Amino acid sequence: MPDSDRHLIEQSGGAPASAPLTVMWFRQDLRLRDNPALCAAAEGNGALLPLYILDDENAGDWKMGSASRWWLHHSLKRLNHALDGRLWVLQGDALGELLRLCDALQVERVVWNRCYEPWRMRRDHGIVEALRERGIEHEEFNGSLLWDPHEACKADGTPYVVFTPFYRNLNRHRPPGTLASAPDLRGPKLAACDQPAERIDRLGLLPAIRWYGGLADAWQPGEAGAHERSDTFIASSAAHYHERRDFPADGAVSALSPHLHFGEISPLRVWQEVHDADAGDGGESWIRQLYWREFSHHLLYHYPRLCDDNLKPGFERFPWRDKPELLRRWQQDSTGVPLVDAGMRELWQTGTMHNRTRMVTASFLTKNLLIHWLHGARWFWDCLVDADLANNSFGWQWVAGCGADAAPYFRIFNLVLQSRKFDPSGEYLRRWVPELAGLSDRRIHAPWEAGARELRSAGVTLGETYPAPIVDLRASRERALAAGRAVR
């Protein structure tokens with residue numbers, strides 16, 4: 001915490017002695033509606049102090065990446081506005097900052113919604129013990145998942161490692177909990193905030209170099225943006241989601257993942273809204289994806305090394321290659337494989353990538369280039385506005401073949417067929433790789449297959465206007481198959 005903020009806390013008179021003070025600690029639940037912790041914190045006649053702590057000290061290697069920090073900056077701004085400018089913002093080790101605040105303002109109770117990343121769980125355990133030692137009440141709720149991970153196990157209490165039975169088991173039951181509107185926080189309910197008006201800016205979440213213009217064009221962080229995005233999806237795309245979700249040019253996906261990650265809308269609310277919309281097979285298909293998100297958090301909760309280590313120990317023998325130049329070409333969207341480059345450009349410019357192209361780009365890195373999945377996971381972590389430790393780790397291990405419910409090693413994406421199947425007219429490729437726009441609908445997916453005359457007519461010179469492939473797709477597939485057989 002900056003010294004000036006610490007001074008403000010130490011000098012603050014806090015709430016009146018007759019008004020018990022409750023801290024509502026916002027974390028990955030940056031919303032007012034359907035927020036179980038906020039509803040509990042607002043009960044009674046005491047004052048409520050809303051708080052956010054940016055804790056990079058305990059996050060280690062998995063502190064928020066650049067795109068996520070951009071999102072957080074704007075989400076906090078909107079939350080603060082919804083709270084009439086009374087959101088307290090602290091920075092540093094959450095244990096120390098929270099205890100300092102509680103001691104200075106004579107806080108009686110702290111309320112929060114649980115987070116399930118391993119580093120947050122370790123930290124929160126220490127915070128609970130410290131609050132108990134001080135005689136400060138605390139309450140915890142589930143506000144970010146449909147089910148707490150320990151509630152979604154098999155009958156014998158062991159965790160699921162295959163998605164289909166996990167989905168079938170949970171889908172038989174309505175998610176627990178009920179939707180709640182925003183509590184009434186008017187009048188003296190909210191404690192005054194003595195911090196400077198620019199306190200969110202002082203967190204330094206926005207990078208010094210303004211590379212994020214595309215993010216601002218593509219997204220509206222905050223609770224209002226989340227509900228607008230949900231309403232639009234349900235009205236225009238949900239019914240056809242099962243038919244069109246794999247086509248990256250269509251825009252048929254919900255694009256709710258960053259809103260769900262930051263808790264600007266609850267999974268229970270979107271589950272209920274999609275369910276009530278009676279969107280048929282499309283709605284059921286989307287709800288299945290919501291359960292896929294639950295499954296990823298289930299795995300990270302029960303296997304906390306998922307974000308760093310192969311879930312399948314046999315993959316410790318996998319012959320990953322150390323190829324920094326090939327990794328750089330993948331990161332900088334210059335692989336010479338159009339669908340891969342299109343996806344990586346979409347990621348860089350918008351902070352997101354269509355799920356089909358996420359799988360394709362990940363498969364190219366881990367299978368065709370044989371580069372360790374952690375390199376890809378860390379790049380996505382920095383570039384995605386919806387960077388979620390559970391989803392990111394599970395997704396990369398799933399594609400690489402070393403995680404739970406992963407496809408067999410011999411299932412390797414044919415990148416050209418994927419491109420032709422899911423972007424048949426080349427609309428997505430022409431949007432993100434415009435230097436190939438003059439090629440025919442068939443050749444744009446594999447420009448190296450075009451003849452010299454066709455390339456010349458389209459204004460394409462491989463190796464100059466667009467790179468030649470950095471690896472032979474057929475030969476690299478055979479190499480990946482051999483590597484997989486070695487650790488089978």
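The values are calculated or read from the model by the stated rules, or taken from the named source; none is laboratory data. Everything numeric here is computed off the predicted structure, so don't read it as measured data. Note: ideal-geometry Cβ built from the backbone for every residue, glycine included; neighbour counts use all protein chains shown.
For region 469-487, filtered to residues that are hydrophobic (A, V, I, L, M, F, W, C) and surrounded by 13 or more Cβ atoms within 10 Å (Cβ to Cβ), the residue that is farthest from Arg329 (Cα to Cα) is Val487. Answer with yes or no whether Arg199 is basic (Lys, Arg), buried (at least 18 other Cβ atoms within 10 Å of the Cβ), out of contact with any Phe, Trp or Tyr (no Cβ under 7 Å at 6 or more places or on another chain) and not in a helix (DSSP H, G or I). Yes. When Gly46 is tested against (1) at pLDDT 95 or above; (2) more than 19 Å from the chain's Cα centre (by Cα), just one condition goes unmet, and that condition is (1). Quick one: which of Leu51, Leu76 is free of Cβ contacts under 8 Å to residues at least 60 places away in the same chain and within 25 Å of Asp386 (Cα to Cα)? Result of the check over Leu51, Leu76: Leu51.
The lone criterion from (1) part of a helix (DSSP H, G or I); (2) surrounded by fewer than 21 Cβ atoms within 10 Å (Cβ to Cβ); (3) among the aliphatic types (A, V, I, L, M) left unmet by Ala390 is number (2). Within region 123-159, if we keep just the residues that are part of a loop (DSSP other than H, G, I, E, B) and among the aliphatic types (A, V, I, L, M), the residue that is surrounded by the fewest Cβ atoms within 10 Å (Cβ to Cβ) turns out to be Ala155. Check whether at least one residue in region 138-148 is in the same structural domain as Ala41 (by TED's automatic domain parsing), without any contact (Cβ under 8 Å) to a residue 60 or more places away in the chain and farther than 23 Å from Tyr303 by Cα, and report yes or no. Yes, some residue in region 138-148 is in the same structural domain as Ala41 (by TED's automatic domain parsing), without any contact (Cβ under 8 Å) to a residue 60 or more places away in the chain and farther than 23 Å from Tyr303 by Cα. Would you check which residues across region 225-243 are surrounded by 15 or more Cβ atoms within 10 Å (Cβ to Cβ), more than 18 Å from the chain's Cα centre (by Cα) and part of a helix (DSSP H, G or I) and list them? Once the filter is applied, which keeps residues that are surrounded by 15 or more Cβ atoms within 10 Å (Cβ to Cβ), more than 18 Å from the chain's Cα centre (by Cα) and part of a helix (DSSP H, G or I), region 225-243 yields Phe233, Ile234, Ala238, Ala239, His240, Tyr241, His242. Scan Asp341, Asp281, Asp309 and give me the residue that is outside any helix (DSSP H, G or I) and either free of Cβ contacts under 8 Å to residues at least 60 places away in the same chain or surrounded by 19 or more Cβ atoms within 10 Å (Cβ to Cβ) (or both). Matching residue, one of Asp341, Asp281, Asp309: Asp309.
Evaluating Val416 against the criteria (1) assigned to a loop (DSSP other than H, G, I, E, B); (2) of a type in the set (Val, Ile, Thr); (3) over 22 Å from the mean Cα position of the chain (by Cα) leaves one unmet condition, (1). Taking region 33-48 as the range and being touching a helix residue (DSSP H, G or I) at 6+ places or on another chain (Cβ under 6 Å) and either within 21 Å of Glu273 (Cα to Cα) or assigned to a helix (DSSP H, G or I) (or both) as the test, only Asp34 passes. Considering only residues in region 360-387 that are β-branched (Val, Ile, Thr) and outside any helix (DSSP H, G or I), the one that is nearest to Ala218 (Cα to Cα) turns out to be Val385. Checking each residue in region 312-338 for being among the hydroxyl-bearing types (Ser, Thr, Tyr) and crowded, with 18+ Cβ neighbours inside 10 Å picks out only Thr335. Under the condition of being within 17 Å of Asn58 (Cβ to Cβ) and among the charged types (D, E, K, R), which residue from region 83-109 is surrounded by the most Cβ atoms within 10 Å (Cβ to Cβ)? For region 83-109, the residue satisfying everything is Glu97.
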